[in-house]
Every structure is written in structure tokens, then in C-alpha cells.
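The values are calculated or read from the model by the stated rules, or taken from the named source; none is laboratory data. This structure is a prediction, so every number in the text was calculated from the model and none was measured. For neighbour counting, all protein chains shown are included, and Cβ atoms are generated from backbone atoms with ideal geometry for every residue, glycine included.
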Amino acid sequence: MKGILAFPFLESRSDEEAMWRVKLYDDHQDFDCLVKRWQEPIRRLCTRMTGDAHRGEDLKQEAFLRVFEKRKDYQPKGKFSTFLWRIALNLCYDELRRVQRRHEWSLDDVAANEGRGVRMDVIDPTNPRAQLQRCEEAELVRAALGQLPEIYRTVLVLRHYENLKMREIAQVLEIPDGTVCSRMAEGLVQLTKLLEPQFGK
């Protein structure tokens, strides 16, 4: 009975409180709660950064493994999410560099892999034509995003897909707010140039 009553309390802890317990006591229950809360956003981030649903899943698991390994480095003065986003992004950067070294990057692969098991948008199933058009447009945007340099892709993914504020992105990337704004602006310019031919503008 005692354990059952304690469970809702576990769920109500903030991310920072849970991670602090993970750091101090190697608390696996609190760590499991953090994984449940954050596994989907981290999977989405890794998939969008690499353009590959399977790699995104693997990197998500690697990110949480790395969080547990680095638990003693966690500092409670910042948000847990900043700590987690940073770890996941660093893993994505490492993976992208490995892929580029092996010459495995292919836009055909991006489009094929992102379509498998990755739900990017909620689409009205009663309108097949609109559904098809939105799927095609989303695929074009994801493929174009995959062509952007990492520094621009990162801010666009964090802002437009994960809804982080500019200040939060600056904290995750450890750069000034102004740099985030300039990267966002340049990223959008480059993305627009890539998409204009496909959208017939």
C-alpha cells in the first residue's frame, strides 16, 4: 500500500527534482519517470536532426544512457531539459559527422526513412487529397531541412518542431540570444531557397 501511494508523488516531481535524486541516489524510479516524460521529444529531435527514424530511435536510447552516465555532472541551477537537449544534440552531431565520413548521406534515404513510423503532423483522414498534399509538403520540408548545415538545422528544429523559446535554445547551445536569432534568420533564408523550386515560386 505504501508503494502505491508513493507512485503519484514520483510522477508529480519536477524534472529537476527527479534528476537531483538520480544524481544523489542513483534513483532508477525517478530516472524511469524522466525517460517516460522525455522519450518522445528526444526521439523526434534525433530523427529530424539525422533524417532517419531508425537512427533517431537508437540515438534517443543512447541519449538517456548518456544522461545516466553523466548524472554526477548534472547541476541543478539549470533546467534538466537544457542538460538533456544538449546531450541529445551532441550525439546527433557525432552521428552526422560519422555519416558524412562514410558518405552515407542521401536525400532519398532521408525521405524514405522519415516516412517510416514517424508521425510528423495530425492530418484529417476524411480528406485524402489534402492529406496527400500535406504529406508531400512535409516530406519536401524534411528533405530540405536535411540539406542545411547543422548550426541552422538545429535552431530550426528546436524552435519550429520542439517549440523552444529563443532564450531556451541559447541556453541549450550555450550561445548568445542574438546568435540564435541570426542563425534562425539565415536558416529560414536557406530553407526558403531550397523549397522555392519544389513549391513553384
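Quick look at the numbers
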{"read-out": "Single condition residue 175 does not satisfy, out of (1) at pLDDT 80 or above; (2) not in a loop (DSSP other than H, G, I, E, B)", "value": "(2)"}
{"read-out": "Enumeration of residues in the range 39-87 that are aliphatic (A, V, I, L, M), more than 11 Å from the chain's Cα centre (by Cα) and surrounded by 21 or more Cβ atoms within 10 Å (Cβ to Cβ)", "value": "67"}
{"read-out": "Selection count where residues are surrounded by 14 or more Cβ atoms within 10 Å (Cβ to Cβ) and assigned to a helix (DSSP H, G or I), scope the range 18-28", "value": "6"}
{"read-out": "Selection within the range 178-201 - part of a loop (DSSP other than H, G, I, E, B) and either surrounded by 15 or more Cβ atoms within 10 Å (Cβ to Cβ) or touching a residue at least 60 places away in the same chain (Cβ under 8 Å) (or both)", "value": "none"}
{"read-out": "Residue check, residue 89 at pLDDT 85 or above, out of contact with any strand residue (DSSP E or B) (no Cβ under 8 Å at 6 or more places or on another chain) and over 18 Å from residue 149 (Cβ atoms)", "value": "no"}
{"read-out": "Where residue 76 falls short, out of the listed (1) part of a helix (DSSP H, G or I); (2) modelled with pLDDT under 95", "value": "(1)"}
{"read-out": "Residue in the range 116-158 that is surrounded by the most Cβ atoms within 10 Å (Cβ to Cβ), counting only those that are of a type in the set (Lys, Arg) and either closer than 23 Å to residue 184 by Cβ or modelled with pLDDT of 85 or more (or both)", "value": "153"}
{"read-out": "Any hit, the range 49-72, residues being touching a Gly at 6+ places or on another chain (Cβ under 7 Å) and within 24 Å of residue 170 (Cα to Cα)", "value": "yes"}
